[in-house]
Amino acid sequence: MLNETAYTLGSNRSCIRELFEYGRKQAAIVGPENVFDYSLGNPSIPAPEEVNQAIRDILADTDSLALHGYTSAVGDYETRKAISDDLNCRYDARTQPEDFFLGCGAAPELVSVFRALAVPGGEILAIAPYFPEYKPFAEESGLIFRVVPPDLPDFQINLTAVESMLTPHTQALILNSPNNPSGVVYTRQTLQALAELLKKKAAEFGHPIYLISDEPYRELVYGGVEVPFVPHIYRDTVICYSYSKSLSLPGERIGYIYVSAQAADSKKLYAAIAGAARGCGHVCAPSLWQKVIARCTHLRPDLESYDRNRKALYEGLTALGYEMAKPDGAFYLFVKAPGGDAAAFSEKAKKKNLLLVPGDDFGCPGYFRVCYCVSYDMIQRSLPVFARLLQE
């Protein structure tokens, strides 16, 4: 006897992973230079040298038992204080170390928050387009997952749709800005309007509606575009953050949950998140990486190569006639599929070894995602393939 839901999730990989694995096999057959893989959001700039030096210094200077032993379940105090100090310096955030729970990257952090909010009949809203794993995270946690239709063509937030979908069962709305897959950054005006709407409906329903801000791309923005500190706009905010993208550490699985002390029932919410993590078997985030982050919270990514890729691809594709919202953050483009069927278009592209992720799993059929954390040379070589596809 097996859990059929778990079996289904485990036996059906995401379309992103399927394309990535296909690309690896094709590279072995036709040569990697002939495969144009835009499938996976794996950072293509190295981690800052300061990160590597911090690792070396910690290994050299720290007692082995202390280095590799358990920390507090909520995270090492020194690390939480370093994160708190950094946010306070950057945003005047007025955080305390006690507001933070360190986790193994954003995925288990989101699961812990979802489980903490999973009351019988509880609902969570996601704004299309959204990261596909939100759905299994939420549903396996016991929440009803509902999707807010996209705000076309700009991919801000369809506030009219949000208002119509909020019910007394709504526990939270999940926000992802800069957005995966669109690369769009929600404006301060959009966030303020959303905050006013949530405040109004929370008062009407007689309970808080939490805003879960998933922020792995917070530092990946271009041209001076603002990414507002969401708790300044809406007090009932929980932030889930990962260093995977900002410090190019996707395989190291380190990040944090921040529960604003101003949020409704903040202490109880924090305890529920800790309890949910415990129920998932979470003991503590990796000790070594906690110590690394304590020394590296001040570091920011060098975005020059990402920005170069962004401009080359956005300008190249729009010149060919493709349509998309301008991406101001992350490292993705979300492109309108010629003919309207993104899955069919992706299959045609796949036959030319051009790997594009259809938008259906992102809650937005008719678009495909292009991940530009790749080499600049690959972008230039792929543009004629994009042109031939459009002609066909």
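The values are calculated or read from the model by the stated rules, or taken from the named source; none is laboratory data. Just so it is clear, the model here is predicted, and its values are computed rather than measured. So basically every Cβ, Gly included, is an ideal-geometry build from the backbone, and we count neighbours across all protein chains shown.
General observations
- Of the residues in region 237-257, at least one is without any contact (Cβ under 8 Å) to a residue 24 or more places away in the chain and either within 20 Å of the chain's Cα centre (by Cα) or under 30 Å from Ala387 (Cα atoms) (or both).
- Residue match in region 93-101 (condition: aromatic (Phe, Trp, Tyr), within 16 Å of Tyr270 (Cα to Cα), modelled with pLDDT of 95 or more and outside any helix (DSSP H, G or I)): yes
- Answer from Asp86, Asp63 - the residue that is closer than 27 Å to Val227 by Cβ and not basic (Lys, Arg): Asp86
- Qualifying helices (runs of 4 or more DSSP H) (wholly inside region 4-81; at least 3 residues being farther than 30 Å from Gly275 by Cβ and either touching a strand residue (DSSP E or B) at 6+ places or on another chain (Cβ under 7 Å) or among the hydrophobic types (A, V, I, L, M, F, W, C) (or both)): 15-30, 49-61
Residue-wise test of (1) closer than 30 Å to Tyr77 by Cβ; (2) of a type outside the set (Val, Ile, Thr); (3) modelled with pLDDT of 95 or more.
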| residue | (1), (2), (3) |
| --- | --- |
| His282 | yes, yes, no |
| Lys291 | yes, yes, yes |
| Arg308 | no, yes, yes |
| Thr318 | no, no, yes |
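- Any chance Ala349 is over 25 Å from Tyr186 (Cβ atoms), surrounded by 20 or more Cβ atoms within 10 Å (Cβ to Cβ) and outside the structural domain of Pro153 (by TED's automatic domain parsing): yes
Table: residues versus (1) under 21 Å from the mean Cα position of the chain (by Cα); (2) among the β-branched types (Val, Ile, Thr); (3) under 17 Å from Lys245 (Cα atoms); (4) surrounded by 20 or more Cβ atoms within 10 Å (Cβ to Cβ).
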residue	(1), (2), (3), (4)
Leu2	no, no, no, no
Gln26	no, no, no, no
Tyr38	yes, no, yes, yes
Ile45	yes, yes, yes, no
Tyr77	no, no, no, no
Ile83	yes, yes, yes, yes
Asp86	yes, no, no, no
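- Any hit, region 177-188, residues being more than 15 Å from the chain's Cα centre (by Cα), of a type outside the set (Lys, Arg) and under 19 Å from Leu269 (Cα atoms): no
- Selection from region 99-122 of residues that are within 27 Å of Arg13 (Cβ to Cβ) and in contact with a Leu (Cβ under 7 Å, 6 or more places away or on another chain): Phe114, Ala118
- In this entry, Tyr332 passes the filter for residues that are crowded, with 17+ Cβ neighbours inside 10 Å, at pLDDT 95 or above and either among the small types (Gly, Ala, Ser) or within 30 Å of Asp377 (Cα to Cα) (or both).
- Some residue of region 200-220 being within 30 Å of Phe331 (Cα to Cα), surrounded by fewer than 19 Cβ atoms within 10 Å (Cβ to Cβ) and not β-branched (Val, Ile, Thr): yes
- Restricting attention to region 102-123 and to residues that are touching a strand residue (DSSP E or B) at 6+ places or on another chain (Cβ under 6 Å), in a helix (DSSP H, G or I) and not acidic (Asp, Glu), the residue that is surrounded by the fewest Cβ atoms within 10 Å (Cβ to Cβ) turns out to be Leu110.
- Residues located in region 291-304, provided they are surrounded by fewer than 16 Cβ atoms within 10 Å (Cβ to Cβ) and either touching a helix residue (DSSP H, G or I) at 6+ places or on another chain (Cβ under 8 Å) or polar (S, T, N, Q) (or both): His298
- Looking across Leu390, Leu356, one residue alone is aliphatic (A, V, I, L, M) and at pLDDT below 95. It is Leu390.
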